[in-house]
Amino acid sequence: MQKNTTLVTWQDNYALGLDEIDDQHKMLFDIMNRLWAAILRNAEGQELGRILEDLERYTVLHFTEEETFMRSIAYPDFDGHIAYHRKFVKQISDEKAAARSGRQVSLELIHFLRDWLVNHILVEDKRYAAQFRTEKRSSSLLGRFFARLG
C-alpha cells in the first residue's frame, strides 16, 4: 500500500480573493507537504528541523505581511488575530527544537498544523478579507500595498 504523500491540498474555497495572500497560503501548504513527505520516508531529525525552519521562517514572513495588511485596513480583531499567529509560530519553533534534538515529529503536530492552517484561513482570514471587500477597497490597493513591501 502506497502512503499518501500529500497532507493538505489547496481547494478553491480556501481562496480569499487576495492573490498575494492566497499565493502565500499555497506556499505554506507546499512546505507542510514537504514535511509530511519527509516524515513518511523517516527522514533524520536534522532534515525535519530544516523543513520546520523553512516553515517557521515562511510563516513569520507571511504573518508579518498579513498583519501589516490588517493594520492598513484597520481590522477590528487585529489583536486577537495576532494572538493566533503567535501561538502557531511557537508550536512550530518548539517542534523544530525537538526535531533537531532527535525527537520524532509527532503526528499530532502534523494534524494540528494542517487543521490550524485550514481552519485559520476558512474562519479568521476570511473575516479580514470580507471586511476588505465590504469597504469596497480596490484590488489595486492590495497590489500597491504588496509592491511597497517588495
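The values are calculated or read from the model by the stated rules, or taken from the named source; none is laboratory data. Just so you know, these numbers come straight off a predicted model, no measurement behind them. Cβ coordinates were reconstructed from backbone atoms using ideal geometry, including for glycine residues, and neighbour counts include every protein chain displayed.
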Quiz item: Does segment 11-19 include one or more residues that are within 19 Å of Ile92 (Cα to Cα), surrounded by fewer than 17 Cβ atoms within 10 Å (Cβ to Cβ) and small (Gly, Ala, Ser)?
Solution: no
Quiz prompt | Hits in segment 45-103 (condition: touching a Leu at 6+ places or on another chain (Cβ under 9 Å), modelled with pLDDT of 90 or more and among the acidic types (Asp, Glu)) | solution = Asp54, Glu65
Self-check item: Criterion (acidic (Asp, Glu), surrounded by fewer than 17 Cβ atoms within 10 Å (Cβ to Cβ) and part of a helix (DSSP H, G or I)) met by exactly one of Asp125, Asp115
Solution: Asp115
Quiz item: Would you call Ala83 assigned to a loop (DSSP other than H, G, I, E, B) and without any contact (Cβ under 8 Å) to a residue 24 or more places away in the chain?
Solution: no
Self-check item: Filter result (touching a helix residue (DSSP H, G or I) at 6+ places or on another chain (Cβ under 9 Å) and more than 27 Å from Glu65 (Cβ to Cβ)) within segment 1-43
Solution: Lys3, Asn4, Thr5, Ile39, Ala43
